[in-house]
Amino acid sequence: MGDEQDRFSDLYAAHYRDVIRFAARRIDADQARDVAAETFLIAWRRFTEVPGDPGERLPWLYGVARNVLANQRRGERRRLRLGAQIGSAGRGRSEADPAGEVAASLDVRAALDGLSARDREVLQLVAWEGLEIAAAAAVVGCSPKTFAVRLHRARRRLEKALADHGAGARGRQSIEMKEARS
């Protein structure tokens, strides 16, 4: 049991911050910590399923975090529907203050928001998380070839959304800067 605890401690120490960043890019910081905690709880419970290859562990954890986020979203939708059904006034969601954001980031965010959830996730895994095609494919549960096609199509749809939004070169430059950092 001690060996398993040591291996889990190593996994936690190596990837906790990555999982927090993964979640924080999708939800607020407080919820991101909850997602990370739930992700590692699941990893502990299913420790025999954690890949043995160190290069596959982070994508596996991202996949678990992705499922935790999806469960949270479904739960939130259920709570909102229930609130509407019983006639209670639902709490309005407050968005983060975008005052500090630069125009290019706002353009990209607006264009991303216009894309499907699947397209957003594909782009975010590559641009924000810096995953290679094979690792990102493991996160979403498809083959690398299928993921590459999805990525190509999502990039084309994002470019079109940026052009439709009027972001033009400014938005594409922001995307290229993010991808260059990854």
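The values are calculated or read from the model by the stated rules, or taken from the named source; none is laboratory data. Just so you know, these numbers come straight off a predicted model, no measurement behind them. Please note: Cβ atoms are built from the backbone with ideal geometry, for glycine as well, and neighbour counts cover all protein chains shown. In case anyone asks, the SASA skips ligands and DNA or RNA and just uses the protein heavy atoms, side chains included. Shrake-Rupley method; radii C 1.70, N 1.55, O 1.52, S 1.80 Å.
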Can you tell me the length gained on complete extension of the stretch S116 to R25, counting 0.36 nm per residue apart and subtracting the Cα distance?
31.1 nm
At R156 and S9, where each label point lies 7 Å from the Cα along Cα→Cβ, what is the point-to-point distance in nanometres?
5.2
Rounded to the nearest 10 Å², what accessible area does V149 show when all protein chains are kept and the probe is 1.4 Å?
60
On a 1.4 Å probe surface of the protein chains, which of W44, W60 comes out largest in accessible area, and what is the full order?
W44, W60
Heavy-atom accessible area of D53, protein chains in place, probe 1.4 angstrom, given in Å² to nearest 10, is 80
Rounded to the nearest 10 Å², what accessible area does I42 have for a 1.4 Å probe in the complete protein model?
40
Explain nothing, just compute: Karplus ³J(HN,Hα) = 6.51 cos²θ - 1.76 cosθ + 1.60, θ = phi - 60°, for every residue of the range 131-144 in order, whole Hz, x for Gly and Pro.
7, 6, 4, 5, 5, 5, 4, 5, 4, 8, x, 9, 6, x
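Please report the net charge: other residues with Cβ closer than 12 Å to the Cβ of L115, K and R +1, D and E -1.
On the way: positive: R109, R118, R120, R150, R153, R155, R156, R157, K160; negative: D113, D119, E121, E159, D164.
After counting each charged neighbour, the total is +4.
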